[in-house]
1. Tally time: how many residues in segment 272-293 are more than 14 Å from the ligand (Cβ to nearest atom) and either farther than 20 Å from residue 225 by Cα or open to solvent by less than 60 Å² (accessible area, probe 1.4 Å) (or both)?
2. Inside segment 200-234, can you point out the residues that are away from the ligand (no atom under 12 Å from the Cβ) and either on the phi > 0 side of the Ramachandran plot or of a type in the set (Gly, Ala, Ser) (or both)?
3. Does residue 252 fit the bill of being within 14 Å of the ligand (Cβ to nearest atom), open to solvent by 40 Å² or more (accessible area, probe 1.4 Å), among the aliphatic types (A, V, I, L, M) and not in a loop (DSSP other than H, G, I, E, B)?
4. Considering only segment 294-305, state which residues are part of a helix (DSSP H, G or I) and open to solvent by less than 20 Å² (accessible area, probe 1.4 Å).
5. Look through 410, 446, 487 and report the one residue that is modelled with pLDDT of 95 or more and more than 30 Å from residue 383 (Cβ to Cβ).
6. Is it true that some residue in segment 156-173 is more than 14 Å from the ligand (Cβ to nearest atom) and among the polar types (S, T, N, Q)?
7. How do the helices (runs of 4 or more DSSP H) wholly within segment 336-439 filter down when requiring 3 or more residues that are within 30 Å of residue 474 (Cα to Cα): which remain?
Amino acid sequence: MVVVGGGVTGAGVARDLSLRGLSVLLLEKGDWGAGTSGSSSWMIHGGLRYLEYDWDTTRLSNVDSGRIVTIARNFVSRVLFIVPVLPHDLNNIERVETALEVYDGYQPLKHSHPHRRLTPEEALRAEPGLSPDIVGAMTMEEWGVDPHRLTFANVQDAIGHGARALNHTRVTELVRDGRRVIGVRYRTPDGATTEARARAVVNATGPWSSQIGAMAGVPIELRPAKGIHIVYAHRISNFSISAESIDGRDLLMVAHAGFTLLGTTDDDFYGDLDSVDVLEDEVDYLLQAFERVFPRIRDYRPVRTTAGVRPTLFKWRPNEDRLSRRHELIDHAAQGADGLFTIAGGKLSMYRLMAEETSDAVCRRLGHQARSTTATRPLPGNESDPAPVAEITARCEIPALAVIKLQSRQGTNVEKVLDEGGTSRLLCRCEPVTEAELVYATRHEQVRTLADAFRRVGVAAGPCAGAACILRAAEVVGKELGWSATQRFDAAREFVRGAWLGRAPVLGHAGWAQEELAQGSLRPLLRTNGAR
Ligand SMILES: Cc1cc2nc3c(=O)[nH]c(=O)nc-3n(C[C@H](O)[C@H](O)[C@H](O)COP(=O)(O)OP(=O)(O)OC[C@H]3O[C@@H](n4cnc5c(N)ncnc54)[C@H](O)[C@@H]3O)c2cc1C
């Protein structure tokens, strides 16, 4: 089998097929989870919002979320929302509570608790930053996950069961034999083009699906919708908070382990999928909405933004946020491309189910009898509870926070990672990543660039955004990959430039001052090779 696309869906398909004993090649043009999956709100959720127009997606999403949080139990954390209600909101407090009462019926499917109604005083006691104008609030519970690690855990398990998985490898053509699609041509990072033959090719390229379809001459119609987030490198609140935008859409400020995501927009997107910019207007749209429920939001300093494009199924007319999050599996045999399957639409929260349905269809076509085991089989690092934090802290002499973060990425494999990587020195003063983990990720987790290191272990994810640690990270990765001194500088410079593009739209007054400082500290680096 060839699976094209190493987002969470493609990684899930590769895992499912490998566990059924098939021979799989998984190809990703960038890095694991670096497409839409990584730019999501990092939530495994049931989809309260879809209750208004698509109950079935809410049900499926809750069922599969329950399975995902079980097989990835060491990677997920509870996300507790406060849903504040203001006097002129689209939905008054009774309507909000009615929706949550219905949602409560689904919550046990994903091991979440039912809602509670809070008086304004209770809500303000829990989160004093809320507007004093609130007329009440509800609580609601979802799950948080690092989508990069969730994606990579699926890749890892696929590899563990015999798959080959190549990142930075782009599929450029489909190989045809008359009506049949019999393989792919792909370009490896060194520029070489290679061909792989396969009995089936699965297109799991999310918003890029139509491009792969075009290679086989089959139309795949999507309605791609762009969404951005503002990222804060710390928690603004211990609670996640919802807000209503000026046009009545639901927005979320999500409190993850050590950082906050504030988003998201949802706009039809017609541009270049490989170059999705964040506009200052989009940032203002989000801040305007949150200022209403959380008046001091503009006092907090964001560190960057993220942007992604939803692979939403095509439908004419409804506004973007009313589009269904259903998924569709297309067998292209009927369009004259036997052996090609596309899995499109859906959510991170039901990637496993999408992968299972896709793998079922492929196996049926091949007459392969094995059944899916992904609903109950733990992902690597999630087979049991991790060792107590205090034990690892004492043995490895690293701070408790570093251990907790490491466990959220590696689960039960923490000691293996620390033992093999050697030094327990921290890379950065502000984001506690050990050098050992970076060494391990470079040796065993396909880190090839510093942006890969950011996704795999959180290099430069803290408030310094790389100013204090990116050169050291380049040293550590460069030593493992045999980079020359120039290559190490080039890698750091490339990272700094890429990060700057995501940061510029959110720099306020203090942000620019910080940026001047950071750029100053990296000036010699940025000037190398005559660059200004
Ligand atoms: C702003 C935003 C917030 C969201 N929040 C949530 C959320 O909190 N929870 C949730 O459940 N869902 C959320 N979603 C939806 C969810 O992120 C997506 O449905 C899901 O991640 C799609 O995964 P995917 O693997 O199908 O696509 P992707 O993650 O985009 O993966 C497709 C991959 O294919 C690769 N590719 C493309 N062309 C080629 C080629 N020629 N050769 C090789 N590789 C190729 C790409 O590089 C990419 O990595 C959100 C979406 C957005 C945009």
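1. Looking only at that region, the number is 7.
2. 200, 216, 217, 233
3. yes
4. Of everything in segment 294-305, just one residue is part of a helix (DSSP H, G or I) and open to solvent by less than 20 Å² (accessible area, probe 1.4 Å), namely 297.
5. Answer to the check: 487.
6. Yes.
7. 389-396, 400-410, 414-421
Listed here are the residues, each with its yes/no results for (1) charged (D, E, K, R); (2) in the same structural domain as residue 8 (by TED's automatic domain parsing).
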residue	(1), (2)
195	yes, yes
236	no, no
253	no, no
277	yes, no
281	yes, no
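The values are calculated or read from the model by the stated rules, or taken from the named source; none is laboratory data. These numbers come from a predicted model, not from an experiment. Neighbour counts are summed over all protein chains in view; Cβ atoms, including those assigned to glycine, are modelled from backbone coordinates with ideal geometry. The protein model used for the area step is the full one, side chains on, heavy atoms only, and it has no ligands, DNA or RNA in it. Shrake-Rupley method; radii C 1.70, N 1.55, O 1.52, S 1.80 Å.
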